[in-house]
Structures are given as structure tokens and as C-alpha cells.
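Asks: What follows is a structure written as C-alpha cells; I'll ask about it next.
The values are calculated or read from the model by the stated rules, or taken from the named source; none is laboratory data. Not measured: the values here are computed from a predicted model. Here Cβ is always computed from backbone atoms with ideal geometry, including for glycine, and neighbour counts include all displayed protein chains. Just so you know, the surface numbers come from the protein's heavy atoms only, side chains and all, with ligands and any DNA or RNA stripped out. Shrake-Rupley method; radii C 1.70, N 1.55, O 1.52, S 1.80 Å.
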Amino acid sequence: STIIGSVRINSIEKKASCGVIGYEVHPDYWNKGYATEALHAVVNHAHDVLGLHRLQAWTTVGNKASDKVLLNNGFQYEGTQRSRVNFRNQFWDIRIYGRLAVDGYHYQHSD
């Protein structure tokens with residue numbers, strides 16, 4: 001079997017019942033629905049098994065495909081933080097997304 005990426009809960013703040021989600025997929029497998037489907041499983045587990053009230057994630061500004069993965073899993077855009085992350089020797093603005101367990105499920109599989 002081949003590992004094509006990962007989806008994970010990077011951290012959990014127990015008192016706030018909030019988990020921070022992260023994911024990446026190898027470019028050879030972009031735009032095939034794998035990230036959306038994998039995130040769906042992690043979101044279900046986080047809300048239904050771990051009982052987390054809130055999940056949040058971020059994308060870099062301009063990464064429309066990653067925005068779509070979150071939106072297809074019921075996350076809502078909540079705002080932009082300027083120069084929030086530094087990678088590849090550059091500061092990047094990020095778009096913050098949040099999803100509450102009470103939002104219900106809006107999963108949309110996209111091929």
C-alpha cells in the first residue's frame with residue numbers, strides 16, 4: 001500500500017472541547033477527493049467518538065482546493081490572520097475555518 005497523505009488532530013484543548021485539524025496530500029493525488037473523504041472520517045471521529053464541540057483548521061490564502069476540502073466537510077470561513085505562519089522562508093496569511101458539532105453534517109463528496 002502507498003501512503004498518499006495524512007489527516008490528523010494536531011491538538012485538543014480539553015476545557016474548550018476544541019480540536020485543531022491538519023492534513024496534507026501528495027500532489028500526485030490532488031483533486032481526486034481523497035482529502036475530502038479522509039477528513040470526513042476524522043471529523044466524524046472527533047465529534048462522535050471524542051465528543052469535541054469545535055474543530056478548526058486553516059489554509060494559506062489562495063489555496064482554493066484546500067478551502068474546498070474544509071467547506072465540503074461543513075467548516076465555515078471565520079477570518080484571515082495576517083503573516084501567521086512561516087514556511088519556505090516566507091510569511092503567509094492564513095484563512096481560519098471552524099466547525100461545530102451542532103452544525104450538523106454537510107459533507108459533500110467531490111470527485
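Asks: Of the numbered conditions (1) of a type in the set (A, V, I, L, M); (2) outside any strand (DSSP E or B); (3) in contact with a Cys (Cβ under 8 Å, 6 or more places away or on another chain), residue 70 fails exactly one; give the number of that condition.
Replies: Failing condition for residue 70: (3).
Asks: Also, I was wondering about something else. If you take the residues of segment 74-111 that are aromatic (Phe, Trp, Tyr) and at pLDDT 90 or above, which of them is nearest to residue 32 (Cα to Cα)?
Replies: Selected residue: 75.
Asks: What residue, of 20, 7, 43, 25, is more than 17 Å from residue 99 (Cα to Cα) and either open to solvent by less than 90 Å² (accessible area, probe 1.4 Å) or within 12 Å of the chain's Cα centre (by Cα) (or both)?
Replies: 25
Asks: Under 6 Å by Cβ, and 6 or more places apart or on different chains, what pairs join a residue from segment 79-93 that is open to solvent by 90 Å² or more (accessible area, probe 1.4 Å) with one that is at pLDDT 95 or above?
Replies: As it stands, the answer is 82/93; 84/94; 91/83, since those pairs meet every condition given.
Asks: Shifting gears a bit: Among the residues in segment 13-29, are any among the polar types (S, T, N, Q) and over 18 Å from residue 74 (Cβ atoms)? If you could, list the steps in order and put the result at the bottom.
Replies: Taking segment 13-29 as the starting set, the residues that turn out to be among the polar types (S, T, N, Q) are 17.
Going one step further and asking which of them are over 18 Å from residue 74 (Cβ atoms), we end up with none.
There is no residue in segment 13-29 that is among the polar types (S, T, N, Q) and over 18 Å from residue 74 (Cβ atoms).
Asks: For residue 102, only one of the following conditions fails: (1) open to solvent by 60 Å² or more (accessible area, probe 1.4 Å); (2) touching a Lys or Arg at 6+ places or on another chain (Cβ under 8 Å); (3) outside any strand (DSSP E or B). What is its number?
Replies: Evaluating residue 102 over (1) open to solvent by 60 Å² or more (accessible area, probe 1.4 Å); (2) touching a Lys or Arg at 6+ places or on another chain (Cβ under 8 Å); (3) outside any strand (DSSP E or B) leaves (2) as the failure.
Asks: Give the residue that is farthest from the chain's Cα centre (by Cα), with candidates limited to residues of segment 28-40 that are open to solvent by less than 40 Å² (accessible area, probe 1.4 Å) and in contact (Cβ under 8 Å) with a residue 40 or more places away in the chain.
Replies: So the residue we want is 33.
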